[in-house]
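*Asks:* Pasting a structure here, questions to come.
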Amino acid sequence: MIQILSHDIKEPLLSAQILTEKIKLDISSPRDLATQINNQLSLTKSILKNMIALIQEEKPETLTHPDVVRILNSIVEKLFVKINEKKLKVVVDETIKIESQLKISAAVLESLLTNLIINAIKYSFLNGEINISFDKKSIYIQDNGTGVSKEVLSDIGNVALESKEGTHGERGTGLGLYLINQMLKDTNISFAFINMPVGVSVEISIN
């Protein structure tokens, strides 16, 4: 549990550090930077709240499409600094909606989606795009980044893997998805990485 906390909480703290450096260099509007720092502190608070829920072993809830979209939009908003640093475009496409119910706590789902979106950002190139879409029983997160080597594709989430360096030198422990996957055992949720012609797609299945 401590590993997930340190993995998740590192991101908003690093983002807040980047923003304070911008204030020192006087390269952006102080008002805009203050808003962004507040967002990062809100993300930190949200992560701590989720971790308390996870430690207390919250029972799975019944979540539906609007709940998923609300969680996704909140994550994208709170990861604005990381997204903006790489000038990425994040699109949430609701052309098709989820019809199945998700048997999972909001805290675990948010941790899973946060980790997957952070990974998509980490391995995306400058000016890239991350697309989030749905079908009746799935959520898809697709980037146009570096992709995943065939050797480790099926192991992601099943074993603790050494994290590959991101396109801007970002580093990680590689433990986040493995630990979260252990928490999915009492839910109807699973995920798998699929290499695309460009980048990778993660399918989050509602079983």
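*Asks:* Is it the case that region 118-136 has a residue that's under 26 Å from residue 89 (Cα atoms) and at pLDDT below 85?
*Replies:* Filtering region 118-136 for residues under 26 Å from residue 89 (Cα atoms) gives 118-136.
Checking the rest, the ones that are also at pLDDT below 85 come to none.
No.
*Asks:* For region 123-150, give me each residue that is out of contact with any Leu (no Cβ under 9 Å at 6 or more places or on another chain) and either among the hydroxyl-bearing types (Ser, Thr, Tyr) or buried (at least 23 other Cβ atoms within 10 Å of the Cβ) (or both).
*Replies:* 123, 133, 138, 140, 145, 146, 149
*Asks:* Now for a different question. Mind checking which pairs have a first residue in region 86-103 that is of a type in the set (Ser, Thr, Tyr) and a second that is surrounded by 12 or more Cβ atoms within 10 Å (Cβ to Cβ), Cβ under 7 Å, 6 or more apart or different chains?
*Replies:* Final answer for the pair search is 100/137; 100/206.
*Asks:* Can you tell me which residues in region 83-97 are assigned to a loop (DSSP other than H, G, I, E, B), surrounded by 11 or more Cβ atoms within 10 Å (Cβ to Cβ) and in contact with a strand residue (DSSP E or B) (Cβ under 9 Å, 6 or more places away or on another chain)? Reasoning before the result, please.
*Replies:* So the first thing to find is which residues in region 83-97 are assigned to a loop (DSSP other than H, G, I, E, B), and the list is 86-88, 93-97.
In the following step, the residues that additionally are surrounded by 11 or more Cβ atoms within 10 Å (Cβ to Cβ) were identified as 86-88, 94, 96-97.
Passing the criteria: 88, 94, 96, 97.
*Asks:* So residue 204 passes all but one of these: (1) closer than 22 Å to residue 59 by Cβ; (2) out of contact with any strand residue (DSSP E or B) (no Cβ under 6 Å at 6 or more places or on another chain); (3) aliphatic (A, V, I, L, M). Which condition number does it fail?
*Replies:* It fails just one condition, (2).
*Asks:* Also, quick follow-up: Does residue 180 count as at pLDDT 95 or above and of a type in the set (A, V, I, L, M, F, W, C)? Spell out how you get there, then give the answer.
*Replies:* Working: at pLDDT 95 or above: no; of a type in the set (A, V, I, L, M, F, W, C): yes.
It is false that residue 180 is at pLDDT 95 or above and of a type in the set (A, V, I, L, M, F, W, C).
*Asks:* Having 3 or more residues that are of a type in the set (S, T, N, Q) is the bar; report the strands (runs of 3 or more DSSP E) wholly within region 120-206 that clear it. Outline the logic, then answer.
*Replies:* Numbers: elements: 129-135, 138-143, 189-195, 200-206.
Result: empty, no element qualifies.
The values are calculated or read from the model by the stated rules, or taken from the named source; none is laboratory data. Just so it is clear, the structure is predicted and the values come from calculations on it, not from any experiment. For neighbour counting, all protein chains shown are included, and Cβ atoms are generated from backbone atoms with ideal geometry for every residue, glycine included.
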